[in-house]
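Below is one structure, written out as structure tokens; the observations come after it.
Derivation of every value follows stated rules applied to the coordinates shown; laboratory data play no part. What you are looking at is a predicted structure, and each value in this text was computed from that prediction instead of being measured. Cβ coordinates were reconstructed from backbone atoms using ideal geometry, including for glycine residues, and neighbour counts include every protein chain displayed.
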Amino acid sequence: MPRTSSPMIDVTDIIRMVGGASFQRGQTYAKQGAVSQLAWDPSGNTLDARVQGNSPAAYRTRLFLSEKGDGRYHLRDSFCSCPISLDCKHVAATALQSNTEHLLSRQELTTPIRKAEQVGWQNSLSGLITPTPDDGVTTPTPPTPLALQFELRAAASPQHGWGSPRSSRKAATPRLGVRPVVRNSKGNWVKNNLSWGSISYQTYGVLLDPDQHRWFSQFPSLHRGTGVSYFGNNDSWLYLEDFSNPLLWQLLREAQRLGVEFVGSTKGVSVVLAGTASLKLDATSTPEDQLQLCPVLEIDGHQHPADTARPISTHGIYTVQPGSPTQSTVITLAPTSKRLTDHDIGLLLQTAPVVVPAGEKPLFLDSFYPRLRQAIEVISSDGSVTFPDIAPPLLILTARYTSGDRLELTWDWEYRLGDDATRKPLRPEPGAQDYRDASAEAEISRTARAHLGTTPLQALTLEDMAAVEFTEDTLPRLQELAGVRVDVIGEQPTYEELTEPAQLTITTVETDNRDWFDLGVLVTVQGRKIPFDHIFRALAQGKKKIKLVDNSYLSMDQPVFEQLRELIEEARALNEWEPGLKISRYQAGLWAEFEDLAEETEEAQGWRSAVAGLNDLQEITPTSLPATLVATLRPYQQDGFNWLAFLYRHGLGGVLGDDMGLGKTLQTLALLTHAKETGETKPFLVVAPTSVVPNWVSEAQRFAPGLAVVGVTDTQAKSGSDLAALTAGADVVVTSYTLFRLDFEGYQAPEWAGLILDEAQFVKNRTAKVHLCAKEFSAPFKLAITGTPMENNLMELWSLFSITAPGLFPSARRFTEDYRNPIEKSGNTERLARLRRRIRPLLMRRTKEAVASDLPPKQEQVLEVELHPRHRKIYQTHLQRERQKLLGLIEDLDRNRMIVFRSLTLLRMLSLDASLVDQAYDGVPSAKLDVLFEQLEDVVAEGHRALVFSQFTSFLKKAAERLTAQGIEYSYLDGSTLRRGDVINKFKDGRAPVFLISLKAGGFGLNLTEADYVFLLDPWWNPATEAQAVDRTHRIGQTRNVMVYRMVATGTIEEKVMKLKEQKAKLFSSVLDDDAVFSSALTADDIRGLLEG
């Protein structure tokens, strides 16, 4: 044989190394041509190849060989780059491909000549005209049948192994072996070189039935459960005793279905596959009155001598009935009805019966028999032994009633054997050997638990309502159960359920604190008066019923109690640090719900006068307008003034939250003028943003000339004047939030008639010092004025009411638990409705759509701006960089908030003009400015006036440079503008048709109805901020249609901001206007959405 040809590798070695299953898969790979680049190195005895498997890339294999001496090679070791790494199907494919090429090189195999493949219509029709076996042209060769041959053999047991001495193997117990055989031409069953190790792939040219061949290929696989995967060449037998898997019986029945015969190794032996075998114990009496126990084996109802039987693992039995000259030897196989234990096998194999002496028969029948029958069926074939009747166990409940309405429950089992009864504990003691019927106990316990409900099956003591419910509901059910007996000890009480509806009486009583009233609740049911604390504790603990001292009980499952519990919890939370139950005058909405529940209410006089008007504005007596007020109020403004006068008269605070532009300042001035005319001598303090202070002074002089108004523009230290001296004789003092915070002690010193917070969103941050100053400021009346009572989340609303109505809501923590989380995170509509009921009496909010129908319409339009290609490329580059930087930071948003918002701001600036981020991009065109000036050209030419807003002053200045270059006059306002009044007047008197305004500096306190066009250069996710800007011109006094243009750069963060703004607008309207979905402040999920490409 040429040394350069591919080597011939011993097939037995291949199977031994990779196993039968991998060998078969390797055959398939080799046949499919998966092996390539086969390379044989004779000097190193290594064989390399590449095998195409399931991976896109071919696996590399290397086989290490050694010469056998007969021209073939041993397979010593292998390697593969697949996940298995060695002894795999790829190794098998490589070896088999080498064998094939070796034979081809020796011309022992020839490649069959293939006909030219027909194509097209020929291929489609050839199947119709080609003769088939059914046409009678050819006669198929019939397959050779297979059989499974059985033989009792003195084979070595697994304990000895193949390496045991020959003498020990001779003495081994015979075992039942099986092997494959075929029928030869003479009709005899012969081995014909078939073996279990190779039958799946090596048939020596014999044509076998495919289904039978597949069955014989599968049979050794079941045997491999024993751990044996290689059978060798010296023994072709498998032993049924080694098959530990009970699937053996399914496989044997499948063989019969396929026509596989079961034959013996010699003539005169027949093999029968039976249905079921069962092992029993036969007890009989001997003449000596002894008791004899013998195993009995039944197969399909027929007894077989136990001494002829052997076990097949733990799941089957075979018997051998020896033949005679006239009868065949019969081997019967059958699966057992239950798993065979070691004791079962020992009983089957022992030769002598078990004998119980006469004197010990009672011991056997009383103690051993009950347990023995649980393991094996015990019979008396001749009726000589009478077995005692064993009753199923009885579960005993002992219910003992003791003093103090206590019920003690204990459980145990009662066993009866004949006439004797024995009590046993509920659960067996560890190591106990007495008879217990575990399955019966488990079944009875399961039934008992199903009727016990939540009461555990164990010894325990019940008290109060638990004892009542067990006595009334559970005990009767247990008494009717089979397998359960109830023993009652002591006198069982008689209970009465109160079924009539509960009646409530609720009262308020004045206290030393004029803002708080004691709240009393009395419950009456069927004439019995029940302290509410008793009921409230039961409700708080989730109890469904409560027991009274006279053994009557009351169901808590009444709507009135659940509603009452919620109202009481809310009332207690409002004053959580004070004992007793109280209610604040600000809680008019809460009181209204108490009234709805109660049959009767008794209010204190102070309560009645303060709260009645809050719940129903129609009940507020109209207040005459002050004579010195120089203005005509619209009807809704008159209603607002009446409401403000009512609050002031009763010392209640509130929030005037009318839409921007509806005259909130005028309504407030009417109140201040009314206060002076009705005898108020102390001044009011008005706090507003710095830019709005002059506007307040001028508006007061215009509409309320009778008021002495003083505007404070400097701190005491800077002005050198004492605040008290500066404000002496004033009816109204107007100052800024900054000065109010810096000089708080000075403002706190005088006595004030009230505190007015204009643009009150400035105090919405409850942790800011200015909020704490407003909260601590001493004044009998506090009013917050804002067109946006809430911008981002519900805590802003809490902040305003904690200043103006400190008894309305509980602490910030409780408010978060009771309202914010349920509404913002869970969308709880019930909590939303409750919140709106609570704030309604102390918040007046009207929208322009509702009360100012004569206001010209406002038309809003989004102008989509496409970035210049170069600008777009710069934006995308920065977007990818910022996204990678931020996605790991936003999980801890609180810690990384500044970094996150700096990146978001950078992306927003990039959406406007690339040069805002880097001067190197100064030559990149700004599409936003181009679109803006296209619009402004027509607006200015047609004589219109325009407001242009942006959050970025750097971008506004670029717009200003372009306006200057085009010769268009403009006004400019941002936070650094000093002569604010001159700038505003330049626009109002018509000298400048365009007003460039920073969103933060000009979003409030301006009345610019001269403009009828508004351009928002960059969107913001806070809709209230944008609305404030637009309402500088769309407000009372506007006579022309207002056009609003929002400019949005497509494919940028600005589109995401627009979507986010819509969500936040819904939160505002859900609480203050109408029901909607919920949102919150900017969250990690919001930021992820902004960063999406």
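Roughly how compact is the stretch 759-812, stated as its Cα Rg over 2.2 N^0.38 Å to two decimals?
For the stretch 759-812, the normalised Cα radius of gyration comes out at 1.01.
Give me the mean projected area, in nm² to one decimal, of the convex hull enclosing the Cα positions of the stretch 328-390.
Reported value for the Cα convex hull: 6.6 nm².
Given the stretch 632-851 reduced to its alpha-carbon atoms as identical point scatterers, what log10 I(q)/I(0) does the Debye formula return at q = 0.07, 0.10, 0.12, 0.16 Å⁻¹?
-0.22, -0.44, -0.63, -1.10
What distance in nm lies between label points placed 7 Å from Cα along the C-beta direction at ARG477 and HIS74?
It works out to 7.6 nm between the two label points.
How charged is the neighbourhood of LEU65? Take every other residue with its Cβ under 12 Å from the Cβ of LEU65, and add Lys/Arg as +1 and Asp/Glu as -1.
Counting the neighbours of LEU65, the net charge comes to -2.
Stretched out fully, how many nm does the piece from ARG406 to ARG106 gain, at 0.36 nm a residue minus the Cα gap?
That works out to 98.0 nm of additional length.
How big is the Cα convex hull of the stretch 277-379 in projection, averaged over all directions, in nm²?
Computed as one quarter of the Cα hull surface, the answer is 7.6 nm².
What FRET efficiency, computed as 1/(1 + (r/R0)^6) with R0 = 41 Å and r the Cβ-Cβ distance, is obtained for GLU414 and SER826, rounded to the nearest 0.05?
Rounded to the nearest 0.05, the efficiency is 0.15.
VAL488 to VAL560: extension gain in nm, 0.36 nm per residue of separation minus the Cα-Cα distance?
Gain on stretching VAL488 to VAL560: 22.1 nm.
What are the ³J(HN,Hα) values, in whole Hz, obtained from phi via the Karplus relation 6.51 cos²θ - 1.76 cosθ + 1.60 with θ = phi - 60°, for each residue of the stretch 721-738 in sequence order, with x given for Gly and Pro?
Residue by residue, the stretch 721-738 yields 10, 6, 4, 5, 5, 5, 9, 4, x, 7, 8, 9, 10, 10, 9, 9, 4, 5 Hz.
Measure off 7 Å from each Cα along the Cα-to-Cβ vector at GLU680 and ARG446, then give the distance between these two points in nanometres to one decimal.
Simple spin-label model gives 7.9 nm for this pair.
Could you work out the local net charge near THR628, counting Lys and Arg as +1, Asp and Glu as -1, over the other residues with Cβ closer than 13 Å to its Cβ?
My count for the surroundings of THR628 gives 0.
Place +1 on the Cβ of every Lys and Arg and -1 on the Cβ of every Asp and Glu in the stretch 676-813, take the dipole about the Cα centre, and give the residue among TRP696, CYS773, ALA753 whose Cα lies farthest towards its positive end.
CYS773
Just for the Cα atoms in the stretch 11-105, what are the lengths along the principal axes, largest first, rounded to whole Å?
38, 25, 23
May I ask you to derive the FRET efficiency for SER380 and ASN193 from their Cβ-Cβ distance with R0 = 60 Å, giving the value to the nearest 0.05?
About 0.65, to the nearest 0.05.
Kirkwood Rh and Cα-based Rg: tell me the resulting Rg over Rh for the stretch 911-1020, rounded to two decimals.
With Rg and the Kirkwood Rh in hand, the quotient comes to 0.95.
In the structure displayed, which of LYS958/LYS988; LYS89/LYS191; LYS885/LYS1056; LYS775/LYS825; LYS885/LYS928; LYS885/LYS1059 lie more than 25 Å apart, Cα to Cα?
Violating the 25 Å Cα-Cα cut-off are LYS89/LYS191; LYS775/LYS825; LYS885/LYS928.
What is the mean projected area of the alpha carbon convex hull for the stretch 427-489, to one decimal in square nanometres?
So the mean shadow area of the Cα hull is 5.4 nm².
Length gain on complete extension for the stretch PHE933 to ARG528, per 0.36 nm per residue less the alpha carbon to alpha carbon distance?
Working it through step by step, the gained length comes to 137.6 nm.
Using only C-alpha atoms and all pairs of different ones, pull out the Kirkwood radius for the stretch 791-881 in Å with one decimal.
It works out to 17.5 Å.
Peptides 464-477, 333-346, 948-961, 484-497: what's the order by average Cβ count within 10 Å, highest mean first?
Order by mean packing, descending: 948-961, 464-477, 333-346, 484-497.
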